[in-house]
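Asker: A single structure is presented below for examination.
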Amino acid sequence: MGNQPTGAPDNGPAVSRQEFDALFESVRTWDRWAAADRGAWNRVTAEHVRRATATVRSGTTVPMGRPWDTRPGPDNARPALHFMSDLGDVQAPEPSVHKDFLGADYHGKAVTHLDALSHIAYEGRLYDGRPARETVGAAGARFGAVSALGPLVTRGVLIDLPAVLGIEWLEPGRAVHAQDLLAAEEALGVTVGDGDAVLLRSGAFRRRRVRGPWNPDAASAGWHVDALPLLAERAVALLGGDGDSDVRPSPVEGLHSPVHTLAVAAMGVPLLDNLDLEPLSAACAEAGRYAFLLVVAPLNVPGGTGSPVNPVAVL
């Protein structure tokens, strides 16, 4: 299984399903927006975009997408596909044309991707209370598809916890709590606000490069559910990270992805999974600031539950 972390996970405190359901109700934003399948992206107005562009100073651009990974491993059970479909020997001789094919079962741990609102249902219901069985079928989603989201341009905020704590990375299984967010804001000189995209760096890809891959379904650093009320209060538009936002093992009994459930199904907040945040961490440290312009442009896939994506930060 590769370099699987050992030892007791620091993913607590445990949360009962009754406590979780009360939390779900407390952060729920159903029936708030006319364009419900855009969820929290409705918060981002032209004024938010103008404010985000004002954060650009040096013009440094930092992509966050991982390389297209075609090799199997403990964190890549369903590798992406890439093969050549034309080596210049199919069409007329001149000019020679070279073509390739890409394919991916991208909702996993190896492809940088965006989760749309049709990706997660809780107790049979998608965001805004839409019945999942009536909404998502073999042809895709009729509500909450990634094609309804379109591109997002807003202010991004990097919550770089290893930088705050003076360590290389958070160990897999370490939960990030509301008090960690507050401490990081103070240390990094930034405050999460309405319409922001919040990116959580655990240092997972630095750890992977040093120690090798492991199965992040079994152990990964990420948000504890107790941080979601604060993020809901701040009215964020997007959550992302170098994991999939959830701490694993899950602290909620019988629920494998509680942060996905709260963010997507309750709050209408799409998620960015598997970002490589190491270059952004270095760029923010060099610039001495942790807010930037963020551009996220998912593929326009009608009915799609998400999309591979290569988000770009501009400092």
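The values are calculated or read from the model by the stated rules, or taken from the named source; none is laboratory data. The shown structure was predicted, so the numbers you read here are calculated from the model rather than taken from an experiment. Glycine also receives a Cβ, built like all others from the backbone with ideal geometry; neighbour counts cover every protein chain displayed. The area values use the complete protein model at the heavy-atom level, side chains included, leaving out ligands, DNA and RNA. Shrake-Rupley method; radii C 1.70, N 1.55, O 1.52, S 1.80 Å.
Asker: Starting from the 7 Å offset along Cα-to-Cβ, what nm value, one decimal, do you get for the label separation of Phe83 and Ala35?
Answerer: Spacing of the two 7 Å Cα→Cβ label points: 4.0 nm.
Asker: Relative to the compact globular guide of 2.2 N^0.38 Å, what is the alpha carbon radius of gyration of the chain, as a ratio?
Answerer: The value comes to 1.00.
Asker: Ok, one more. Each residue of region 275-288 in turn: what ³J(HN,Hα) in whole Hz from Karplus with 6.51, -1.76, 1.60 and θ = phi - 60°, glycine and Pro shown as x?
Answerer: 6, 8, 9, 5, x, 5, 4, 5, 5, 5, 4, 5, 6, x
Asker: Net charge within 12 Å of Asp128 by Cβ-Cβ distance, Lys/Arg positive one each and Asp/Glu negative one each, not counting Asp128 itself?
Answerer: With Lys, Arg at +1 and Asp, Glu at -1, the neighbours total +3.
Asker: Count charges around Asp37 for me, please; just the other residues with Cβ under 10 Å from its Cβ, Lys/Arg as +1, Asp/Glu as -1. Let's see the in-between values first.
Answerer: On the way: positive: Arg38, Arg130, Arg142; negative: Asp128.
Result for the local shell: +2.
Asker: For Asn310, what residues show an amide H to amide H distance below 5 Å, using hydrogens built from the backbone and excluding near sequence neighbours?
Answerer: Amide H neighbours of Asn310: Ala297.
Asker: When ranked by the protection proxy of mean other Cβ atoms within 10 Å per residue, highest first, what sequence do the peptides 270-276, 184-190 form?
Answerer: For the peptides 270-276, 184-190, the packing ranking is 270-276, 184-190.
Asker: Among 232-239, 46-53, 199-206, 210-217, how do they line up by average Cβ neighbours within 10 Å per residue, starting with the highest?
Answerer: Numbers: 232-239: 21.4, 46-53: 14.0, 199-206: 24.5, 210-217: 17.2.
The most tightly packed comes first, giving 199-206, 232-239, 210-217, 46-53.
Asker: Only Cα pairs under 8 Å and at least 6 apart count here; give the relative contact order of region 158-203 as a rounded whole percent.
Answerer: 64 percent
Asker: How do 88-97, 166-175 rank on mean C-beta neighbours within 10 Å, highest first?
Answerer: 166-175, 88-97
Asker: Here is a follow-up. Apply the Karplus curve 6.51 cos²θ - 1.76 cosθ + 1.60, θ = phi - 60°, to the phi angles in region 104-110 and return the couplings in whole Hz, x for Gly and Pro.
Answerer: 7, 8, 7, 6, x, 10, 10
Asker: Further, regarding this structure: Taking 0.36 nm per intervening residue step and subtracting the Cα-Cα distance, what contour gain separates Asp217 from Leu182 on full extension?
Answerer: Extending this stretch completely gives an extra 9.9 nm.
Asker: Here's another thing I want to ask about it. Among Gly108, Gly129, Gly137, which one shows the biggest mean-square fluctuation in a GNM of the chain, springs joining Cα atoms closer than 10 Å?
Answerer: The residue that fluctuates most here is Gly137.
Asker: Rounded to whole Hz and in sequence order, give me ³J(HN,Hα) for region 310-315 from the Karplus expression 6.51 cos²θ - 1.76 cosθ + 1.60, θ = phi - 60°, writing x for Gly and Pro.
Answerer: Taking θ as phi minus 60°, the curve returns 10, x, 10, 9, 10, 9 Hz for region 310-315.
Asker: Taking amide H positions as placed in the peptide plane 1.01 Å from N, state which residues far from Asp69 in sequence (5 or more) or on other chains have amide H under 5 Å from it.
Answerer: Ala80
Asker: Separation of region 21-97 and region 262-284 by C-alpha centroid, Å?
Answerer: Rounded to whole Å, the Cα centres lie 11 Å apart.
Asker: What is the local net charge at Ser281, summed over the other residues whose Cβ is closer than 14 Å to its Cβ (Lys, Arg +1; Asp, Glu -1)?
Answerer: -1
Asker: Amide H neighbours of Ala141 under 5 Å, counting only residues 5+ apart in sequence or on other chains, H built in-plane at 1.01 Å?
Answerer: Those qualifying (amide H under 5 Å, at least 5 residues apart or on another chain) are Gly303, Gly304.
Asker: So, one more: Counting only helical runs of four or more DSSP H residues, what would the 222 nm mean residue ellipticity of the chain come to if each run contributes -39,500 (n - 2.57) and the total is spread over all its residues?
Answerer: -5500 deg cm²/dmol
Asker: Let me ask another. Over the chain, what percent of the accessible surface lies on carbon and sulfur atoms, probe 1.4 Å?
Answerer: The computed percentage sits at 53.
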